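First up is the structure itself, then whatever we jot down about it.
The values are calculated or read from the model by the stated rules, or taken from the named source; none is laboratory data. This one's a predicted model, so the numbers in the text were calculated from it and none came from an experiment. When we count neighbours, we look across all protein chains shown, and the Cβ atoms used for this are built from the backbone with ideal geometry, even at glycine. To get the accessible areas, we keep the full protein, side chains included, count just its heavy atoms, and leave off ligands, DNA and RNA. Shrake-Rupley method; radii C 1.70, N 1.55, O 1.52, S 1.80 Å.
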Amino acid sequence: MTDTAPAAAAPPPNMPLGLFVFTLLYGGMTVLAGVLAFKQVQLWPTDLAVESGIFAFLLLVVISSTLSQLYGRQFAQRIVWWGFLPLLIASLLMLLVLKLPASTEMLAGRADDLAAFERVHSTVWRVWAAGPAAYITSLLLNIWIFDRLKGSGEETTIGLMVRGAIASALSQAVDSVIFITLAFYGLFPIMNLMIGQVLAKVVLSIVLVPFLITGGVRAARWLDGRGTPSGL
């Protein structure tokens, strides 16, 4: 009797490989965005700042736009709603870990590390709470704008890039106002962070996101076997 090894990284039956891969990436980015958001990064050479979660969140915009382009607006919207699941599980696990007692070895040898971990993650609850509100509003808005700008004819690469830039810039500006207000208002002055966040997201949406979306569409189509990486 011989053993047959299972196929490596095979998607479920009838599920395109590109969809499988991008959905996995989407779930990971929803969790990572909330963790990264705790640190604010200075926008040198100004005093403006940006919360680090924007890097993961911009990837969420790219992935949702890619899914909308290839598999339709309704499907992309379902993925956005299901993105609440990893957020919820991550939040519950974080609460559990914070409540569990630390080991005696850690208390004795790494008390500073333990204190830093608990201080950061026990105060990040506002970030976890603000994230879903900004997340659902901005990503559904991004998909809606991206889809509404789609013409009835065959689309060019430039058209796809322009749609991606406009949808991302508008939705990310809305996201910044909602998230920063809910997460940080009252903790410290938020005006520099607010301005920096909006500027950074709008600039990145125009300069970077269009290329990432076209690259994402090509990569997904290549994974699906629909065409070569060079095709739109």
Please go through segment 1-29 and pick out each residue that is modelled with pLDDT of 85 or more and β-branched (Val, Ile, Thr). Val21, Thr23
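Yes or no, residue by residue, for (1) at pLDDT 85 or above; (2) more than 19 Å from Trp81 (Cβ to Cβ); (3) in contact with a Ser or Thr (Cβ under 6 Å, 6 or more places away or on another chain):
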site	(1), (2), (3)
Lys150	no, yes, no
Ile158	yes, yes, no
Ile166	yes, yes, no
Ala169	yes, yes, yes
Ala173	yes, yes, no
Met194	no, yes, no
Checking Gly28 against (1) farther than 23 Å from Arg218 by Cβ; (2) surrounded by fewer than 24 Cβ atoms within 10 Å (Cβ to Cβ), which test does it fail? (1)
Return the residue satisfying two criteria in turn: it lies in segment 130-146 and is open to solvent by less than 40 Å² (accessible area, probe 1.4 Å) and not aliphatic (A, V, I, L, M), and of such residues it is farthest from Tyr26 (Cα to Cα). Phe146
Are any of the residues in segment 202-215 of a type outside the set (Val, Ile, Thr), touching a Ser or Thr at 6+ places or on another chain (Cβ under 6 Å) and on the phi < 0 side of the Ramachandran plot? yes
Those residues of segment 69-112 which are open to solvent by less than 80 Å² (accessible area, probe 1.4 Å) and more than 23 Å from Leu139 (Cα to Cα), in sequence order: Met94, Val97, Leu98, Ala102, Ser103, Met106, Gly109, Ala111
